[in-house]
1. Please pick out the residue among Y205, Y156 that is hydroxyl-bearing (S, T, Y) and more than 30 Å from K110 (Cα to Cα).
2. Among L236, L260, L245, which is outside any loop (DSSP other than H, G, I, E, B) and without any contact (Cβ under 8 Å) to a residue 60 or more places away in the chain?
3. Is it fair to say G261 is closer than 15 Å to I296 by Cβ, assigned by TED's automatic domain parsing to the domain that holds Q285 and under 20 Å from the mean Cα position of the chain (by Cα)?
4. L236: over 20 Å from S344 (Cα atoms) and surrounded by 16 or more Cβ atoms within 10 Å (Cβ to Cβ), yes or no?
5. Please work out if S267 is within 25 Å of K187 (Cβ to Cβ), polar (S, T, N, Q) and in contact with a strand residue (DSSP E or B) (Cβ under 6 Å, 6 or more places away or on another chain).
6. Is it the case that some residue within segment 339-346 is of a type outside the set (F, W, Y), under 25 Å from I17 (Cα atoms) and in the same structural domain as R201 (by TED's automatic domain parsing)?
7. Take Y311 and decide whether it is among the aromatic types (F, W, Y), closer than 17 Å to L218 by Cβ and modelled with pLDDT of 95 or more.
Amino acid sequence: MKILQLGKYYPPHIGGIEMVMYQITEGLNKRGIHCDVLCSNDKKQYEEVIINNYKVFKTKSYGKFASTSITPQMIFKLREIIDNYDIIHIHFPDPMANLALMLSKHKTKKVVLHWHSDIIKQKNLLKLYLPFQNWLLKRADRIIATTPKYIEESPYLKDYKNKCVAVPIGIDKNRLKINIKLIDELKNRYNNKKLVFSLGRLAYYKGFEYLIKSAKYLDDNYVILIGGEGELKEELLKLIKKEGLDKKVKLVGKIKDEDLGSYYYASDLFVLPSIEKTEAFGIVQIEAMNFGKPVIATKIKGSGVDWVNEYGVSGLNVEPKNPKAIAEAIYLLTKSEETYKKFSQNAKKRFEKLFTLETMINNILNIYKSL
């Protein structure tokens, strides 16, 4: 069985979908299932890279438009190599990969469509793109959604439920390492206060402004740490200063991969304050659960975020854009050692049950075998 993963980019390009593609590709090859990758480069140059005995074909890009890499070479490259594979596993949203598959003129290859998210931001362009999207949904032999909730609530998947399978994203539980020295340093830096951790690109849909404002309702025993870079950095820094929260909220910038595990470990709980359906899953939630950290997330209509974080089990889910509700949830999870311990243990159990890399690879292999 030979598999081709088809998507927008591939690591070292950073992103949630890219990381899932990487985990699947690495996981399959380690089990002796041949899996290569066809994706766009992030520059005007074609590259063919061999990683651990599998190939990554990176087609040259002429830049981005509406979050899509413009890479016509992907169409011709797929035509050239498609006969080498039994199953094409396409990661969505990526209109360019969609177009490449459509123009490959290959009607018999088995296609697995990995539906990471509906297209949210480009609503006007979506009207023009819908016929292509509908073609892809009809063409797919199986459609993977990352949560059962997404299958039920996506307006685009409702007519294809018979082909849909929920396969939650899984991660390598040993990928993020801890450094005891850094953990001690973080705790000392913030005077052994309770650390509320959050992480993500500082972008509009992440809702970090509401997490920042929640600090107004917290006493001085708490410090909120927000990791990540992005276009809203200066705006968020101004908000922190305006609200007089300099001592309670810290933007710690981009956290190196080798340090990230220590931030999770040193924190008391994790908050994902996202406000838009663009946040479809929230991999950072399961990273936190892996370290036994209770999670506070938001109840976003049509998103799988609040399915990943099971209310009353691995943490609490609150209404989006509600700073006071976030603060109340923080207090509730940390009000007693007994309460905290229960949520912490449940978070780790939920991770082990649903979100390990091994479980995700097993589920995907079962889909391939069924085809």
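1. Values: Y156 fails: more than 30 Å from K110 (Cα to Cα).
The unique qualifying residue is Y205.
2. Numbers: L260 fails: without any contact (Cβ under 8 Å) to a residue 60 or more places away in the chain; L245 fails: outside any loop (DSSP other than H, G, I, E, B).
It is L236.
3. Values: closer than 15 Å to I296 by Cβ: no; assigned by TED's automatic domain parsing to the domain that holds Q285: yes; under 20 Å from the mean Cα position of the chain (by Cα): yes.
The answer is no for G261.
4. Details: over 20 Å from S344 (Cα atoms): yes; surrounded by 16 or more Cβ atoms within 10 Å (Cβ to Cβ): yes.
Yes.
5. Working: within 25 Å of K187 (Cβ to Cβ): yes; polar (S, T, N, Q): yes; in contact with a strand residue (DSSP E or B) (Cβ under 6 Å, 6 or more places away or on another chain): yes.
Considered against the rule, which asks whether it is within 25 Å of K187 (Cβ to Cβ), polar (S, T, N, Q) and in contact with a strand residue (DSSP E or B) (Cβ under 6 Å, 6 or more places away or on another chain), S267 comes out as yes.
6. Of all residues in segment 339-346, those of a type outside the set (F, W, Y) come to 339, 341-342, 344-346.
Right, trim to under 25 Å from I17 (Cα atoms) and you get none.
No, every residue in segment 339-346 fails to be of a type outside the set (F, W, Y), under 25 Å from I17 (Cα atoms) and in the same structural domain as R201 (by TED's automatic domain parsing).
7. Working: among the aromatic types (F, W, Y): yes; closer than 17 Å to L218 by Cβ: no; modelled with pLDDT of 95 or more: yes.
So Y311 does not fit the description; no.
Table: residues versus (1) at pLDDT 95 or above; (2) touching an Asp or Glu at 6+ places or on another chain (Cβ under 8 Å).
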{"residue": "V252", "(1), (2)": "yes, no"}
{"residue": "S262", "(1), (2)": "yes, no"}
{"residue": "D268", "(1), (2)": "yes, no"}
{"residue": "E276", "(1), (2)": "no, no"}
{"residue": "Q285", "(1), (2)": "yes, no"}
{"residue": "M289", "(1), (2)": "yes, no"}
{"residue": "S303", "(1), (2)": "no, yes"}
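The values are calculated or read from the model by the stated rules, or taken from the named source; none is laboratory data. Bear in mind that the values here come from a model prediction, so they are computed numbers and not experimental data. Glycine gets a Cβ as well: all are built from the backbone with ideal geometry, and neighbour counts include every protein chain shown.
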